[in-house]
1. Consider only pairs whose beta carbons are under 8 Å apart and that are at least six residues apart or on different chains; among these, list those whose first residue lies in the range 25-53 and is at positive phi and whose second residue is modelled with pLDDT of 90 or more.
2. Within the range 82-114, track down each residue that is of a type in the set (Ser, Thr, Tyr) and loosely packed, with under 13 Cβ neighbours inside 10 Å.
3. Among what's in the range 46-81 and is touching a Leu at 6+ places or on another chain (Cβ under 7 Å) and open to solvent by less than 20 Å² (accessible area, probe 1.4 Å), pick the residue that is nearest to THR115 (Cα to Cα).
4. Please report, ordered by residue number, the helices (runs of 4 or more DSSP H) entirely within the range 1-119 with at least 3 residues that are modelled with pLDDT under 85 and more than 18 Å from GLY130 (Cα to Cα).
5. Looking only at the range 120-145, filter to residues that are open to solvent by 60 Å² or more (accessible area, probe 1.4 Å) and among the small types (Gly, Ala, Ser); which one of those is modelled with the highest pLDDT?
6. When you go through LEU86, LEU54 one by one, which is the residue that is more than 22 Å from THR124 (Cα to Cα) and of a type outside the set (S, T, N, Q)?
7. I'd like the full set of residues that are in contact (Cβ under 8 Å) with a residue 40 or more places away in the chain and among the hydrophobic types (A, V, I, L, M, F, W, C), limited to the range 67-90.
Amino acid sequence: MEEMFPAMWKCLQIQENVGGDLFSIRFIQSYPVNYEELIDYGNEEKNENARPELTEQVTDMENYDVVFLGFPNWWYSVPMPVLTFLDEHDLARKKIVLFCSHGTGGLSGSVQDITAELPDDCETEENVIGVYRDDIPGTQTEIQG
């Protein structure tokens, strides 16, 4: 499973350690299955500053004080559905903990791009977890720290 869905695997590892509810950011538009087509599609979305429509929202966000936000690095940033999520949910006065799975791009501009979308009164955890996709199965120790 961790080879196919590295970000999901990371979410499950974190949830196992801290508890809480899981919410998957899902979008209405299907993405291409072919890797090359997916790369092109993601690049087009980024260039257009698209906000893909989500299938659902967190209806009780006011009940959460801490939000763990996991995402893969896409085109040196975050997937556009993550920015849709930020636009559609009130994260004011919440602590945001970011974690990112990536290939060779590391965190790139993802943290800055997310931070720019967050309300000014959010507290963002400075220790962002960024893990190379092939290393995800061995990151349990880092998550526990």
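The values are calculated or read from the model by the stated rules, or taken from the named source; none is laboratory data. What you are looking at is a predicted structure, and each value in this text was computed from that prediction instead of being measured. Note: ideal-geometry Cβ built from the backbone for every residue, glycine included; neighbour counts use all protein chains shown. Note: areas computed on protein heavy atoms with side chains; ligands, DNA, RNA excluded. Shrake-Rupley method; radii C 1.70, N 1.55, O 1.52, S 1.80 Å.
1. Filtered contacts from the range 25-53: ASN49/MET80.
2. The one that is of a type in the set (Ser, Thr, Tyr) and loosely packed, with under 13 Cβ neighbours inside 10 Å: THR104.
3. Per the criteria, the residue is LEU69.
4. Fully inside the range 1-119 and qualifying: nothing.
5. Per the stated criteria, the residue is GLY138.
6. Answer to the selection: LEU54.
7. The answer is PHE68, LEU69, PHE71, VAL82, PHE85.
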